[in-house]
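Chemist: Here it is, the structure, as C-alpha cells.
The values are calculated or read from the model by the stated rules, or taken from the named source; none is laboratory data. Note that this is a predicted model, so its numbers are computed, not measured. Quick reminder, even Gly has a Cβ in these numbers, built from the backbone with ideal geometry, and neighbours come from all protein chains shown.
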Amino acid sequence: MRFAHVLVVGAGQMGAGIAQVIASSGRRVSLHDSAPQAVERGLEAMRRSLAKLAGKGGPDPDEVIGRIAPVGGIVSADLMIEAVAEDEEIKRDIFRLADRILPPEAVLASNTSSIPIASLAAATGRREKVIGMHFFNPVPVLQLVEVVRAAETSNETAAAVVELARDLGKIPAEARDVPGFVSNRILMPFLNEAAYALMQGVAEAEAIDTIAKLGFAHPMGPLALADLIGLDTCVAIMEVLHEGLGDAKYAPCPLLVEHVAAGRLGRKSGRGFFDYQ
Ligand code: NAD
C-alpha cells in the first residue's frame, strides 16, 4: 500500500478528521499536536464520528483508533499531512523540520486553505515532493480534496496524492497555486459578505442564514458555516487573499475581526455568530 504510514501534524478539527479517514483506509497514522490535550480531544471527536458512521456501514471504530498513535513531535513517515493553524510562519517551520526528519522519498503535504504551497516548498530541500492536499470540513463526510500543485511539484507527487485521495473514497480536483486556490477564493468572500450584511444591519443572523439556505439551496447558512470553519481561520484566510491578491475587496470584515479578538471563534470556542453552549 502506498503511504502505509502517515504523519498528521495538528489534531484540531481538520487534523483529527484527516487522521480518521487515513486510518479508516487501513493505514497507520502518527498524530502530533503541540497543544496539551489536543490529540486526546481529537481522538474523542474521532470516536464520536466513527460511532455514527459504524451505524451506516462504516469501519470498526476500535480498529481505526488502534491504527492511530499519538506522538510527541515530528516523526519519520511515508507522507506528512500538515493541518496546524492557518499561519504561514508556523507552517514553514513544520515543513523545515519535517524535511530534516522524514526520508528523502517522503511527500510533504499541507491542508492549508489559502497559503501558497510554493512558500512551504521553499522551506524544504525537496520542492518537487511538496503539495497541497486540501480536505473539507467535516473530513469524514465531504468528498472533495482540492489538490494544489506548486510550480515545482512533480507529476509523480501529484499522481500519488490523487491516487491516495481516491483510495480514501474522495474525489480529487486540481487547482493552481494561487492564494485561496479555487474553494476559498469563492467561499470566503461570500462568508465575509454575510458578516458585512450582519454588521450593517441588513438582517438578523438567523434571517441571513435562512435566506442562503432556502434561497440558494445551501445545506447551511454562511454565518453558521463560518462558525463551523472557525472565525480565526476565516480571518486568516481573508488576510492571505487580501495580501496575496492585493485587492481591498478581500479585507476581512471588522465584525469578524472583532469576534476573533474577543475569543468568539465559533463552534470550537462555544460562541461565534451563534451560541453553542
Ligand atoms: P484548529 O484550530 O481546529 O486546529 C489547529 C491545531 O493545530 C490546534 O490543535 C493547534 O494546537 C495545532 N497547532 C498549532 N501550531 C502547531 C504546531 N506548531 N505544531 C503542532 N500543532 C500545532 O484548526 P483547523 O480548523 O483544524 O484548521 C487547520 C488547518 O486546516 C488550517 O490550515 C486551516 O486553514 C485548514 N482548513 C480548515 C478548514 C475548516 O473548515 N476549519 C477546512 C479546510 C482546511
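Chemist: Hey, can you tell me all the residues within the stretch 166-183 that are part of a loop (DSSP other than H, G, I, E, B) and within 15 Å of V139 (Cβ to Cβ)?
Modeler: L168, G169, K170
Chemist: Take the stretch 9-62 and flag every residue that is outside any helix (DSSP H, G or I) and either more than 16 Å from the ligand (Cβ to nearest atom) or not assigned by TED's automatic domain parsing to the domain that holds F135 (or both).
Modeler: S25, G26, R27, R28, G55, K56, G57, G58, P59, D60
Chemist: Okay, moving on. Go through the stretch 88-140 residue by residue and tally those that are touching a helix residue (DSSP H, G or I) at 6+ places or on another chain (Cβ under 7 Å), of a type in the set (D, E, K, R) and more than 20 Å from V6 (Cα to Cα).
Modeler: Selection size over the stretch 88-140: 1.
Chemist: Being in contact with a Phe, Trp or Tyr (Cβ under 9 Å, 6 or more places away or on another chain) and free of Cβ contacts under 8 Å to residues at least 24 places away in the same chain is the filter here, so list the residues in the stretch 209-239 that pass it.
Modeler: Across the stretch 209-239, the qualifying residues are D209, A212, E239.
Chemist: Can you report the number of residues in the stretch 244-271 which are touching a residue at least 60 places away in the same chain (Cβ under 8 Å) and either farther than 30 Å from R176 by Cα or of a type in the set (D, E, K, R) (or both)?
Modeler: Within the stretch 244-271, residues that are touching a residue at least 60 places away in the same chain (Cβ under 8 Å) and either farther than 30 Å from R176 by Cα or of a type in the set (D, E, K, R) (or both) number 3.
Chemist: Give D62, D33 a once-over and let me know the one that is without any contact (Cβ under 8 Å) to a residue 60 or more places away in the chain, touching a helix residue (DSSP H, G or I) at 6+ places or on another chain (Cβ under 8 Å) and more than 22 Å from V148 (Cα to Cα).
Modeler: D33 is the lone residue from the list that is without any contact (Cβ under 8 Å) to a residue 60 or more places away in the chain, touching a helix residue (DSSP H, G or I) at 6+ places or on another chain (Cβ under 8 Å) and more than 22 Å from V148 (Cα to Cα).
Chemist: Looking only at the stretch 64-116, which residues are of a type in the set (V, I, T) and within 12 Å of the ligand (Cβ to nearest atom)?
Modeler: Once the filter is applied, which keeps residues that are of a type in the set (V, I, T) and within 12 Å of the ligand (Cβ to nearest atom), the stretch 64-116 yields V71, I74, I81, V84, I90, I94, T112, I115.
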